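Read the structure below first, then the notes.
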Amino acid sequence: MYKLLIVDDSIIIQQRIRNIFQDADVNIVGMANNGVEAIEMFEHYKPDIITMDLTMPQMGGLECIQQLIAMDKDVSILVVSALSDKSTGLKALQYGARGFISKPFDQYKLLYALQKLIAAKNKHRLAQITDK
Amino acid sequence: MLFPILGLMLLIAFITILSSYANNKVKRDLVILDAIGHLEDNFYDIALDIQQLNITTSSQSSDITSRLTKSTTQIDTLFDALQSGGSYQNSADKTIKVNELKTESSRSELLKLSVIWQDYKTQLNNLNDPVATTKLANFVYAQKNSISTSINTIAADSFAYTYRWNTIVRYILLIGPLLISLYIAGLAWFYFNRVSSSENQLQMAGKRSDEILSAVNEGLFLIDKDLVIADEYSKALEGIVNHTKLAGKRLPDILSKLVSPKDLEDTKTFVGQLFSEWVVEDLVTDLNPLKKLRTQVPTELGGYEERFLDFRFSRVYEEDEVVRILVSVRDISDAVRLEKNLESEKQQSDRQLEMLSTIMNSDPNILQHFIDSTLVRIDNINDILKTPGSTKKELMNKATEIYRELHSLKGESSAMQLDSFVSRSEDAETKVKYLIDKREISGNEFLSLAIDLDELLNLTIFVKNLTDRIGFIGEGINEQVNVFANNEKPEIFDKKLAKAHEQLVHETTQTKQLMPQSAHNLDANLDSSNGSMAEEATQSLNPDTTQNIANTSPESADSIANFYNQFAQEIAKRNHKQISFQCLGMDNVMLTPEQVNLVKDISIQLLRNSIVHGIEAPQVRQQKDKPPVGRVNLILEENLNEGTATLSIMDDGQGIQYEKLRQAALASGKYHPDKVAKWTKKELLRLMFVPNLSTAETSTEDAGRGIGMDVVKTLVGKLKGKLQINSKADEYTRFSIIFPTFH
């Protein structure tokens, strides 16, 4: 089972994502309130999938994505953020995020995204194994 | 491909084997022919040698004898070989293998020959005297023909056999290559057919996809990593993006006319990310910058038309690698428009719901009053519209009167917080204002007002029905109204009915004041008051209702004060002012319904004026060392001895702004600047009552139309009253209207 980290400065959103993923095929290892916490938790738990807000205090999502990808280029980051400006979302993709879900989201959209990420992750792992 | 080649090889092998077999046969028979030739030669040699032996000396005979011995051996060998297979030495001493003779005729001839040969050989072995030799020579001579015949027969037989096989070989050599050629030709034909049919299929497939591309009403095209559009794209695309000959062009060049530079940049990034395997295709659709793209497209008439285009991007893979992106574009303008219509319908129903909640929260009496007075106003406006008038002045007067009614309606509905009424009456007001400002009115231009009027009437009926349905009105004094509002479309424009209604209200009010407890008197009063309508109305007025009328009185007084307070606070809130409002004596003075309405209209106008123009903003008041909350009083008192009443509205605001009035006069351009400069305060005050001259900076729901005081002046005129204005700068303003209460 893949490990998942939730990064969002809103506790309400954190809880909502956690509730949606409660019965999903994923192990939620932590919830971070900002980029700095996210990086600490990442070092500790080594999650495979991260849901990432973009606008957060201390360290925003864009910078956090850059640092996380620098630490582990295989980590799957799903941006979950209010979409005020599409170019910010696109920037996140350029920095290494794998997908984008705009707030407000419904549970089906989020579960679908998780399913897609897990499938992409499995495929990626399989490719790595066969390459070896 | 493998089987045809295998077949060809097998065919060649078969032909080769067949021909070599036939060849062998031919060769073998040729050897037999040789052997027979050899046999004949030996016979011939023996015959020759015997003749020589017959005539030669014995000194030479040993040579001949040895030759005879050799020939004899040879013939024996050859007989053996031809009879049962074997080998012999030819003249070049080479050992030749020979097969036995096969045909029956050859074998019998060979047998005949061997019988002769046995004789021959016996005599040869006894050649010890010349007699024997001569005898043999004779014998040889005698047998020459039969030997030759036999050998010829055998040879001919063999030859026929050889010839047959030779012919077979010839045929094989002829037919073999022919067969091979035919086979190859067949193969070639087969493959050619197959290729051409697959080529046909390919062509058909191409044609079909062309058909799809030309018939589909979506824009479909492929782009590569450099955003270059592929040669094949759907015909509809050109129309949708308003661009022709798109093959080989870059997508950004096509889009540059349709989207903002920022969206264009985003599009490039977005497509770039789609080519990156890392990004999950389904999880980036929210970032598509061309989703529901709003754009302006030039029309044939030279103008621009708003259109909504929806671009969708999907990856095209080739061996697990994204090689192209399939882009589909749809014109979704109709769908978006439909969505907007639904949205506006929803908003409308929201508004109705909002209205419902306003109604639920309103004081029933005030609400009833509002409904009544709105119906009267709409009736008035209708009357004004019906009044004939064709001169410019008449039309202008009509417009101004309608404007006043609409303005009052707007004021009242804003006090009631009935936003739908406010916006509708404001729309109509703006229209009329436009006509007035234009100063060129034709009768037709009032036509569009009928629609607004109808809408306002519908709204009123809607509110009326709602209140009826909710059921908290329909008791007490308000019951009377139902008489003429029960019909779906009340005959509000029927003057007679309205008059009867007015009369009824009037009478009831009087009755209430004078004989509160007497139901009988009330009935009598009503009976005597007016015609048939009053009678009808009476039927709904049972004795219980009379009781209600009496009970309603104090509640009603309270409601009127509440109504003004609600209204005043609402205006203050909208204009960011703070006020404490006091309303006194509004129900203490006995007035006719007409007077009640006029007093109410004047109060509304002047209250609005005081709050908007008089009371300063809280900060400003604090700077002036005044409490931030302004005071506004509305007082009605009866001057009993004089038979008059005084309505006064007072505020502790900034006082009359004479300089602002002067500036407004200058700005209007209607007056000579020199004269304006010399005007006294009294002369400036007169400006307040000039229509279309406003001192407010911007036009709002509450101020800025330059009509308020104009209306007040007219209303005061209708009350037959006098208007007094007292004011002190930064301290107060008071408007007092003194009017006769006699009716």
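The values are calculated or read from the model by the stated rules, or taken from the named source; none is laboratory data. The structure presented is a predicted model; accordingly, all values stated were derived computationally and were not measured. Counting neighbours? That spans all protein chains shown, and the Cβs are built from the backbone with ideal geometry, glycine included.
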(request) Quick one: in the stretch B:261-306, of everything that is under 22 Å from the mean Cα position of the chain (by Cα), surrounded by fewer than 13 Cβ atoms within 10 Å (Cβ to Cβ) and among the polar types (S, T, N, Q), which residue is modelled with the highest pLDDT? (result) B:Q296
(request) Could you please give the count of residues in the stretch B:720-735 that are part of a strand (DSSP E or B) and either within 16 Å of B:Q595 (Cβ to Cβ) or in contact with a helix residue (DSSP H, G or I) (Cβ under 9 Å, 6 or more places away or on another chain) (or both)? (result) 7
(request) Please tell me if B:G206 is modelled with pLDDT under 90 and loosely packed, with under 12 Cβ neighbours inside 10 Å. (result) yes
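Table: residues versus (1) crowded, with 21+ Cβ neighbours inside 10 Å; (2) touching a Ser or Thr at 6+ places or on another chain (Cβ under 8 Å); (3) closer than 19 Å to A:R16 by Cβ; (4) away from every other protein chain (no Cβ under 13 Å).
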{"site": "A:I50", "(1), (2), (3), (4)": "yes, yes, yes, yes"}
{"site": "A:E63", "(1), (2), (3), (4)": "no, no, no, yes"}
{"site": "A:A70", "(1), (2), (3), (4)": "no, no, no, yes"}
{"site": "A:R98", "(1), (2), (3), (4)": "yes, yes, no, no"}
(request) Name, by its number, the condition in (1) surrounded by 17 or more Cβ atoms within 10 Å (Cβ to Cβ); (2) within 60 Å of the chain's Cα centre (by Cα); (3) not aliphatic (A, V, I, L, M) that does not hold for B:D49. (result) (2)
(request) Could you check how many residues of the stretch B:115-145 are outside any helix (DSSP H, G or I) and surrounded by 14 or more Cβ atoms within 10 Å (Cβ to Cβ)? (result) 1
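Sort out which residues of the stretch A:82-92 are facing chain B (nearest Cβ under 7 Å) and touching a residue at least 12 places away in the same chain (Cβ under 8 Å), and write them in order of number.
Once the filter is applied, which keeps residues that are facing chain B (nearest Cβ under 7 Å) and touching a residue at least 12 places away in the same chain (Cβ under 8 Å), the stretch A:82-92 yields A:L83, A:G89.
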(request) Could you please let me know if B:S106 is buried (at least 16 other Cβ atoms within 10 Å of the Cβ) and closer than 25 Å to B:A160 by Cα? (result) yes
(request) Could you please give the count of residues in the stretch B:407-465 that are among the acidic types (D, E) and touching a residue at least 60 places away in the same chain (Cβ under 8 Å)? (result) 5
(request) Being modelled with pLDDT under 75 and in contact with a Ser or Thr (Cβ under 7 Å, 6 or more places away or on another chain) is the filter; apply it to the stretch B:427-477 and report the residue that is farthest from B:R377 (Cα to Cα). (result) B:G476
(message) Pull out all pairs, ordered by first then second residue, where Cβ-Cβ is under 6 Å, the residues are six or more apart or on different chains, the first lies in the stretch B:147-166 and is buried (at least 18 other Cβ atoms within 10 Å of the Cβ), and the second is among the small types (G, A, S).
(response) B:I154/B:S106; B:D157/B:S105; B:D157/B:S106; B:W165/B:A22
(message) Which numbered condition in (1) modelled with pLDDT of 80 or more; (2) farther than 30 Å from B:Y183 by Cα; (3) part of a helix (DSSP H, G or I) is the only one that B:S61 fails?
(response) (1)
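Looking at B:L39, is it out of contact with any strand residue (DSSP E or B) (no Cβ under 7 Å at 6 or more places or on another chain), without any contact (Cβ under 8 Å) to a residue 40 or more places away in the chain and either assigned to a helix (DSSP H, G or I) or acidic (D, E) (or both)?
In short, no.
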(request) From (1) surrounded by fewer than 20 Cβ atoms within 10 Å (Cβ to Cβ); (2) in contact with an Asp or Glu (Cβ under 9 Å, 6 or more places away or on another chain); (3) in a loop (DSSP other than H, G, I, E, B), pick out the condition that doesn't hold for B:N633. (result) (3)
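Residues checked against (1) charged (D, E, K, R); (2) out of contact with any strand residue (DSSP E or B) (no Cβ under 7 Å at 6 or more places or on another chain):
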{"position": "B:V26", "(1), (2)": "no, yes"}
{"position": "B:L82", "(1), (2)": "no, no"}
{"position": "B:G86", "(1), (2)": "no, no"}
{"position": "B:N90", "(1), (2)": "no, no"}
{"position": "B:T95", "(1), (2)": "no, no"}
{"position": "B:S108", "(1), (2)": "no, yes"}
{"position": "B:D119", "(1), (2)": "yes, yes"}
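Can you pull out every residue in the stretch B:86-114 that is of a type outside the set (A, V, I, L, M), under 16 Å from B:D76 (Cβ atoms), outside any loop (DSSP other than H, G, I, E, B) and touching a helix residue (DSSP H, G or I) at 6+ places or on another chain (Cβ under 6 Å)?
Here is the first cut: in the stretch B:86-114, the residues of a type outside the set (A, V, I, L, M) are B:86-91, B:93-95, B:97, B:99-100, B:102-109, B:112, B:114.
Remaining after also requiring under 16 Å from B:D76 (Cβ atoms): B:86-90, B:95, B:100, B:114.
Checking the rest, the ones that are also outside any loop (DSSP other than H, G, I, E, B) come to B:86-89, B:95, B:114.
The answer is B:G86, B:Y88, B:S114.
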(request) Search the stretch B:592-611 for residues being buried (at least 21 other Cβ atoms within 10 Å of the Cβ) and among the hydrophobic types (A, V, I, L, M, F, W, C), and hand back the single one that is farthest from B:S727 (Cα to Cα). (result) B:L598
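Determine, yes or no, whether B:S66 is exposed (fewer than 13 other Cβ atoms within 10 Å of the Cβ) and out of contact with any helix residue (DSSP H, G or I) (no Cβ under 8 Å at 6 or more places or on another chain).
Against the criterion (exposed (fewer than 13 other Cβ atoms within 10 Å of the Cβ) and out of contact with any helix residue (DSSP H, G or I) (no Cβ under 8 Å at 6 or more places or on another chain)), B:S66 qualifies.
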(request) Select from the stretch A:100-132 the residues that are facing another protein chain (nearest Cβ under 8 Å) and among the aromatic types (F, W, Y) and write down the one among them that is surrounded by the fewest Cβ atoms within 10 Å (Cβ to Cβ). (result) A:Y112
(message) For the stretch B:69-123, give me each residue that is within 18 Å of B:S150 (Cα to Cα) and charged (D, E, K, R).
(response) B:D76, B:D80, B:E100, B:K102, B:E104, B:R107, B:E109, B:K112, B:D119, B:K121
(request) Could you list, in sequence order, all residues of the stretch B:176-212 that are without any contact (Cβ under 8 Å) to a residue 60 or more places away in the chain and of a type in the set (G, A, S)? (result) B:S181, B:A185, B:G186, B:A188, B:S196, B:S197, B:S198, B:A205, B:G206, B:S209
(request) Give the residues of the stretch B:389-403 that are touching a helix residue (DSSP H, G or I) at 6+ places or on another chain (Cβ under 8 Å) and either part of a loop (DSSP other than H, G, I, E, B) or free of Cβ contacts under 8 Å to residues at least 12 places away in the same chain (or both), sorted by residue number. (result) B:G389, B:S390
(request) Consider only pairs whose beta carbons are under 8 Å apart and that are at least six residues apart or on different chains; among these, list those whose first residue lies in the stretch B:616-638 and is without any contact (Cβ under 8 Å) to a residue 12 or more places away in the chain and whose second residue is outside any strand (DSSP E or B) and basic (K, R). (result) B:P627/B:R621
